[in-house]
Amino acid sequence: MEEQFILRVPPSVADRIERLMNESAAASSNPDEASLDLSFSEDGRNGTFMIGNESFPASLLDLPTVVESYKTYDDSVLIKTADVGQMIMVREENDPAPEGVECKHGLTPPMRDARRRRFRREPDLNAELVNQVEKHLINIMHGVSVNQNASVIGGEEGGDRKKPPVARATKQPDVQEPAVNGEEAEPERSDTDESEN
């Protein structure tokens with residue numbers, strides 16, 4: 001496996017690099033103009049990119065995803081050469097430095113703002129609940145009965161306790177009161193009838 005990284009440069013610098021790659025170093029009249037140099041400071045994240053006599057600020061950024069690179073010798077068989085996880089971003093002097101150590105966007109337009117749009121968000125977990133579940137799993141692995149453990153949980157934490165069964169009222173037969181002023185009387189409704197509707 002090879003070690004590789006992505007070098008992203010401004011368009012003006014890209015043109016100069018392309019010209020240097022196409023021309024041989026011997027054909028160049030001034031060897032200083034044909035030199036490329038990249039050096040980083042002690043933090044390993046910020047540095048300077050030199051092309052000829054000009055210098056540009058550079059930053060080493062982590063890509064939001066791993067990119068695979070391939071090589072071919074016959075334009076039909078591809079051979080994987082590396083997993084690329086970092087990018088060196090060269091910028092103009094007046095461009096602002098990137099925030100953080102991770103590049104917000106991937107290499108292609110569909111990966112724009114990839115971390116926010118494409119990855120699952122971290123779940124909102126209660127730390128106490130996670131610790132409690134971990135303790136219960138450890139107890140189960142050590143052979144503590146699940147029923148004993150569950151009763152301890154309910155007693156300590158005020159967890160789910162079973163409610164005593166509620167006695168249902170026996171249904172009384174409907175008794176109709178005599179009609180008043182020649183109207184029909186409505187049957188009385190009990191509490192259990194209302195709960196069923």
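Structure summary
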item	result
Karplus-derived HN-Hα couplings along the stretch 136-141 (A = 6.51, B = -1.76, C = 1.60, θ = phi - 60°), whole Hz, x at Gly and Pro	5, 5, 5, 4, 5, 5
Estimated distance in nm for a label pair at residue 139 and residue 125, the labels positioned 7 Å out from Cα along Cα-to-Cβ	1.9
Modelled FRET efficiency - R0 41 Å, residue 99 with residue 23, Cβ distances, 0.05 increments	0.65
Built amide H within the under 5 Å cut-off of residue 46, gap 5+	41, 60
Phi-based couplings in Hz for the stretch 62-78 (Karplus 6.51, -1.76, 1.60; Gly and Pro marked x)	7, 7, x, 9, 8, 10, 8, 10, 10, 10, 9, 10, 10, 6, 10, 9, 9
Whole-number accessible area per residue in Å² for the stretch 57-129, which is evaluated in the context of all protein chains at 1.4 Å	74
Residues with amide H under 5 Å from that of residue 7, placed H, sequence gap 5 or more	88
Cut-off under 5 Å, modelled amide H: who pairs with residue 35 long-range	52
With eigenvalues of the C-alpha gyration tensor scaled by 5 and rooted, the stretch 37-150, Å	46, 22, 15
Extension gain (nm, one decimal) between residue 36 and residue 77, 0.36 nm per residue minus Cα-Cα	11.5 nm
Label-point separation in nm, residue 107 to residue 54, each point 7 Å along Cα→Cβ	2.5
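The values are calculated or read from the model by the stated rules, or taken from the named source; none is laboratory data. What you are looking at is a predicted structure, and each value in this text was computed from that prediction instead of being measured. So basically every Cβ, Gly included, is an ideal-geometry build from the backbone, and we count neighbours across all protein chains shown. For the accessible areas, the whole protein counts, side chains as well, though only heavy atoms, and no ligand, DNA or RNA atoms are used. Shrake-Rupley method; radii C 1.70, N 1.55, O 1.52, S 1.80 Å.
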